[in-house]
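The values are calculated or read from the model by the stated rules, or taken from the named source; none is laboratory data. Note that this is a predicted model, so its numbers are computed, not measured. Quick reminder, even Gly has a Cβ in these numbers, built from the backbone with ideal geometry, and neighbours come from all protein chains shown.
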Amino acid sequence: MSKVKVLAAWFVTGILCFTAFFMFRKNGAEVKVYGSSMAPTIDSGQKVFIEYHKKIKRSDVVVFDTKRMSVKPEESGYYIKRVIGLPGDSIESKNGIIYVNGRKIDESYLNEEQKTSASTGDWTLHDLGVRNHWKTIVDRVPENSYFVLGDHRSTSEDSRMFGFVPKRAVVGVMDK
């Protein structure tokens, strides 16, 4: 093979790698997690990759910006939590078991200690809203919103306290 063809091949490979790198960076980012609210799924100090333009599904782990939330405007920072409820869902917890639309959900990512009533609590969305003085008391997750919980339920500050996460606050979905 001639030197020109070899140089051309290397040049094209370099351009493709450079382009792929910037496309990849544009569609997601690596973030470092601080805190134990997602343990043991994600440990404090662990890095995870989030995708910016991925459709959000139940049990996805999302990163959201608290500055974009009307319920926590005084705080600035990012939280990482698991999506339990999608728009229109009814959610309740009985004896540490989460029910969405009346059906028990699979939470195999939790250990036995985290699946207790003491850790998760017994509640409905309406109960949480009244107890925590949410602006709107509802029985279902509002449109363009999500209900999120940390996997380490006893230490997690999540939707049980601050309410729903608006879609506009979600930065990205963790790549599995």
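Yes or no, residue by residue, for (1) assigned by TED's automatic domain parsing to the domain that holds Tyr99; (2) out of contact with any strand residue (DSSP E or B) (no Cβ under 8 Å at 6 or more places or on another chain); (3) modelled with pLDDT of 75 or more; (4) hydroxyl-bearing (Ser, Thr, Tyr):
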residue	(1), (2), (3), (4)
Val6	no, yes, no, no
Gly14	no, yes, no, no
Phe18	no, yes, no, no
Ile42	yes, no, yes, no
Val48	yes, no, yes, no
Tyr52	yes, no, yes, yes
Ile56	yes, no, yes, no
Ser59	yes, no, yes, yes
Ser70	yes, no, no, yes
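Go through (1) surrounded by 14 or more Cβ atoms within 10 Å (Cβ to Cβ); (2) farther than 29 Å from Asp43 by Cβ and name the single condition Asn144 misses.
(1)
Exactly one condition in (1) without any contact (Cβ under 8 Å) to a residue 12 or more places away in the chain; (2) over 27 Å from Lys32 (Cα atoms) is not met by Glu112; state its number.
Against the list (1) without any contact (Cβ under 8 Å) to a residue 12 or more places away in the chain; (2) over 27 Å from Lys32 (Cα atoms), Glu112 comes up short only on (2).
Quick check: is even one residue across region 130-148 in contact (Cβ under 8 Å) with a residue 12 or more places away in the chain, part of a helix (DSSP H, G or I) and not aliphatic (A, V, I, L, M)?
Scanning region 130-148 turns up no residue that is in contact (Cβ under 8 Å) with a residue 12 or more places away in the chain, part of a helix (DSSP H, G or I) and not aliphatic (A, V, I, L, M).
Okay, residues lined up against (1) under 27 Å from Val48 (Cβ atoms); (2) crowded, with 19+ Cβ neighbours inside 10 Å; (3) in contact with a helix residue (DSSP H, G or I) (Cβ under 7 Å, 6 or more places away or on another chain):
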| residue | (1), (2), (3) |
| --- | --- |
| Leu110 | yes, yes, no |
| Asp127 | no, no, no |
| Arg153 | yes, yes, yes |
| Lys167 | yes, no, no |
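Condition check: surrounded by 13 or more Cβ atoms within 10 Å (Cβ to Cβ) and within 15 Å of Lys167 (Cα to Cα). Does Gly96 satisfy that?
Taking the combined requirement at face value, the residue does not satisfy it.
Working only within region 77-129, note down all residues that are among the small types (Gly, Ala, Ser), part of a strand (DSSP E or B) and under 17 Å from the mean Cα position of the chain (by Cα).
Of everything in region 77-129, just one residue is among the small types (Gly, Ala, Ser), part of a strand (DSSP E or B) and under 17 Å from the mean Cα position of the chain (by Cα), namely Gly85.
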